[in-house]
Amino acid sequence: MKRTALLHAELSHVIASLGHGDMLVLGDAGLPIPDGPRRIDLAVARGVPTLDEVLQAVLSEMHVEGIVIAEEALASNEKKLPGWYPQSLGIKPQTVSHEEFKRRTAKARAMVRTGECTPYANIILTAGVKF
């Protein structure tokens, strides 16, 4: 059995196959998945699993150099990052409109559908390298 938090074989395989600059999308239950990217559907029920839970497991195996989120995900009054955003990575996200976000997902290597039902709880992770 693996040592890291991520036990999902298909998701672990996708992360292992990412090259520098490849994109992995983690999305809420409603984010459309275009033709092209590999679909990994983890959604079981509303809120199961949450985006944050899947994100933490993915980050246990993936080296991330860039992040994109939709402007609409920011707290409207203060433009604060959402609670699920991985601030511990120390990476400032690029923010784009939700429509632009959806266009960019077409170039991702894979898209992971979670059970998250919070509007705009979607994130594009760009693979980095460890050296």
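Normalised by the number of residues in the chain, what is the relative contact order in percent for Cα pairs under 8 Å and 6+ residues apart? All intermediate terms of the calculation are to be shown ahead of the outcome.
Working: 246 pairs, mean separation 63.4, N = 131.
48 percent.
Which order results if Thr114, Thr95 are arranged by neighbouring Cβ count within 10 Å, fewest first?
Working: Thr114 26, Thr95 17.
Going from least to most buried by this count: Thr95, Thr114.
Return the sequence-ordered ³J(HN,Hα) values of the stretch 39-49 in whole Hz as given by the Karplus equation 6.51 cos²θ - 1.76 cosθ + 1.60 applied to θ = phi - 60°, using x for Gly and Pro.
Result, ordered by residue: 9, 10, 9, 9, 4, 10, 7, 3, x, 10, x Hz.
If each DSSP helix of 4+ residues adds -39,500 (n - 2.57) and the sum is divided by the residues in the chain, what number results at 222 nm, nearest 500 deg cm²/dmol?
Values: 3 runs with 26 residues, N = 131.
Using -39500 (n - 2.57) per qualifying helix, the result is -5500 deg cm²/dmol.
Give the residue from Leu89, Gly19, Leu42 lying farthest towards the positive end of the charge dipole for the stretch 9-127; charges sit on Cβ (+1 for Lys and Arg, -1 for Asp and Glu) and the dipole is referred to the Cα centre.
It is Gly19.
Taking H as built 1.01 Å from N, whose amide H comes closer than 5 Å to the amide H of Asp41, not counting residues under 5 places away?
Answer set, sorted by chain and number: Arg113.
Just how large is the dipole of the chain about the Cα centre, in debye to the nearest 20, putting +1 at every Lys and Arg Cβ and -1 at every Asp and Glu Cβ?
Values: 15 positive and 15 negative charges, 56 e Å.
In debye, rounded to 20, the chain gives about 260.
Which ³J(HN,Hα) values in Hz, rounded to whole numbers, follow from the phi angles of the stretch 51-65 under the Karplus curve 6.51 cos²θ - 1.76 cosθ + 1.60, where θ = phi - 60° and Gly and Pro get x?
Result, rounded to whole Hz: 4, 4, 4, 5, 4, 5, 5, 4, 5, 6, 10, 9, 8, 10, 10.
Ordered by residue, what ³J(HN,Hα) values in Hz, to whole numbers, does the stretch 98-104 give under the Karplus form 6.51 cos²θ - 1.76 cosθ + 1.60, where θ = phi - 60° and Gly and Pro are x?
4, 5, 5, 4, 4, 4, 5
Every number in this text was worked out from the coordinates using simple rules, so none of it is lab data. The model shown is predicted, which means the values in this text are computed figures rather than measured ones. All Cβ positions, glycine included, derive from the backbone under ideal geometry; neighbour counts span all protein chains shown.
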